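Notes follow the structure.
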Amino acid sequence: MAGFLVEPIQGEAGVYTPDDNYMRTSQELCKKYNALFIADEIQTGIARTGALLAVCGKCDCAAHCEKQAATYAQPDVLILGKALSGGAYPVSAVLANNEIMNVIKPGQHGSTFGGNPVAAVVGMAALDVVKDEKLAQNARELGNHFRSRINEYIETTDTVTLVRGRGLLNAIVINDTEEGDTAWNICLKLRDNGLLAKPTHGNIIRFAPPLVMTQDQLDECIDIIIKTLKSFE
Ligand SMILES: *Cc1c(COP(=O)(O)O)cnc(C)c1O
């Protein structure tokens with residue numbers, strides 16, 4: 001095996017959140033078999049899951065970092081995109097240490113717009129905002145609030161079977177078959193009620209709101225979500 005490429009939380013597939021020790025164990029297996037451990041953090045990275053990176057749990061809060069350090073991993077190769085520019089400019093990046101990067105010799109790998117200086121400046125500015133505005137912490141706190149309110153609602157209904165996720169990358173699973181159209185119809189109704197969301201896989205609806213949102217704004221969203229779900233009971 002040359003490498004193991006993984007999303008720390010599968011986004012498009014339906015926000016599948018692995019057990020706490022999954023990343024660490026994967027890294028150990030990769031080390032043992034001399035395979036590269038590659039983390040695709042295009043969706044999970046840059047504060048989305050309540051840490052700067054989901055795979056290593058690094059964030060702006062020392063206590064949280066220490067707690068996470070026991071279970072999280074350090075990838076050999078890290079893939080970033082999307083939020084890396086705060087949505088302001090198309091920026092993506094692959095990061096690795098010299099041992100890996102130097103395998104590619106100058107001139108062997110070309111990219112028309114690679115190394116774009118404007119993109120690099122936008123990426124650095126966006127990272128400053130994430131740090132200055134404590135967006136990882138905000139995502140972590142709002143995510144806990146989101147899941148706790150949705151869980152309270154789940155106690156009272158058969159329409160939703162579970163909510164899962166980390167930070168502000170979450171999904172609810174609708175009580176329907178994967179081929180059913182309830183989740184799609186719920187999303188149409190959510191739209192009518194003023195909130196845009198999209199089913200990822202059949203009966204799963206993903207919620208990945210802006211990291212700059214406030215708790216009041218989130219509560220307004222949760223009210224719309226619960227009101228809409230109630231109309232499908
Ligand atoms: C968007 C996305 C990609 C593709 O990124 P591009 O910059 O469009 O090549 C790859 N992996 C994940 C998890 C994504 O969300």
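Between M23, M101, M213, the GNM of the chain built on Cα springs shorter than 10 angstrom shows M101 fluctuating the most. Extending 7 Å from the Cα toward the beta-carbon at both T157 and K131 defines two label points whose distance is 4.1 nm. Close amide H pairs (under 5 Å, H built 1.01 Å from N) link K198 with R206, residues at least 5 positions away or on another chain.
From largest to smallest, what semi-axes in whole angstrom does the range 135-230 give when each is the square root of 5 times an eigenvalue of its alpha carbon gyration tensor? Present the calculation step by step, with values, prior to reporting the outcome.
Values: eigenvalues 88, 36, 32 Å².
Computed over the range 135-230, the values are 21, 13, 13 Å.
Relative intensity of the range 3-132 on a log10 scale, I(q)/I(0) at q = 0.18, 0.22 Å⁻¹, equals -1.09, -1.39, per a Debye sum over C-alpha point scatterers of equal strength in the absence of solvent.
The residues of the range 68-158 have, on average, 64 Å² of accessible surface per residue, using a 1.4 Å probe with all protein chains present.
Run the numbers for A35 and S92: contour at 0.36 nm per residue of separation, minus the present Cα-Cα distance, in nm. Before the final figure, lay out the partial values.
Details: separation 57, 0.36 × 57 = 20.52 nm, distance 2.36 nm.
Roughly 18.2 nm would be gained on extension.
A simple packing score, the average count of other Cβ atoms within 10 Å per residue, orders the peptides 3-12, 31-40, 136-145 as 136-145, 3-12, 31-40, with the highest score first. Cross-link pairs exceeding 29 Å in C-alpha to C-alpha distance, out of K31/K134; K31/K198; K105/K131; K32/K105; K198/K227; K131/K189, comprise K31/K134; K31/K198; K105/K131; K131/K189. Taking amide H positions as modeled 1.01 Å from N, with prolines and chain starts lacking one, the residues under 5 Å from Y16 and 5 or more places away or on another chain are Q10. Placing a label point 7 Å from the Cα of H145 along the Cα-to-Cβ line, the residues of the range 211-230 whose backbone N sits under 20 Å from it are 211-228.
Since only V118, L196, Y153 are under comparison, the one whose Cα sits farthest along the positive direction of the charge dipole of the chain, derived from C-beta charges on Lys, Arg, Asp and Glu, is V118.
Give me the extension gain from T112 to K198: residue separation times 0.36 nm, minus the current Cα-Cα distance, reported in nm with one decimal. Before the final figure, lay out each step's value.
Details: separation 86, 0.36 × 86 = 30.96 nm, distance 3.31 nm.
Taking 0.36 nm per residue and subtracting the Cα distance, the gain is 27.7 nm.
Between N175 and L5, what is the FRET efficiency for a Förster distance of 25 Å, r being their Cβ-Cβ separation, to the nearest 0.05?
The calculated FRET efficiency here is 0.15.
Applied to the range 171-177, the Karplus parametrisation 6.51 cos²θ - 1.76 cosθ + 1.60 on θ = phi - 60° returns per-residue 3J(HN,Hα) values of 8, 10, 9, 7, 6, 7, 6 Hz, with x for Gly and Pro. The string of couplings for the range 221-233 from the Karplus curve (6.51, -1.76, 1.60, θ = phi - 60°) is 5, 4, 4, 5, 4, 5, 4, 5, 4, 4, 6, 9, 6 Hz, one whole number per residue in order, with x for Gly and Pro. Across all Cα pairs in the chain, the calculated P(r) in 10 Å bins from zero up to the longest distance comes to 7, 28, 32, 22, 8, 1, 0 percent per bin.
Taking 7 Å steps out from each Cα toward its Cβ at K227 and M101 produces label points 5.1 nm apart.
Couplings 3J(HN,Hα) of the range 182-194, computed from phi: 4, 4, 4, 5, 4, 5, 5, 5, 4, 4, 4, 8, x Hz, in residue order, whole Hz [Karplus 6.51 cos²θ - 1.76 cosθ + 1.60, θ = phi - 60°; x for Gly and Pro]. Distances between placed amide hydrogens fall under 5 Å for V160 paired with N175, all partners being 5 or more residues away or on another chain.
Quick one: grab the alpha carbon gyration tensor of the range 72-190, order the square roots of its eigenvalues as a ≥ b ≥ c, and give me rounded if a/c is under 1.5, else prolate or oblate depending on whether a/b is larger than b/c.
Numbers: a/c = 2.46, a/b = 2.09, b/c = 1.17.
It is prolate, given that a/c is not under 1.5 and a/b is the larger ratio.
Give me the Debye-computed log₁₀ of I(q)/I(0) at q = 0.15, 0.24, 0.29, 0.30 Å⁻¹ for the range 190-233, equal point scatterers on Cα only, no solvent, two decimals. So the normalised log intensities work out to -0.40, -0.96, -1.20, -1.22.
The values are calculated or read from the model by the stated rules, or taken from the named source; none is laboratory data. Just so it is clear, the model here is predicted, and its values are computed rather than measured. Glycine gets a Cβ as well: all are built from the backbone with ideal geometry, and neighbour counts include every protein chain shown. The protein model used for the area step is the full one, side chains on, heavy atoms only, and it has no ligands, DNA or RNA in it. Shrake-Rupley method; radii C 1.70, N 1.55, O 1.52, S 1.80 Å.
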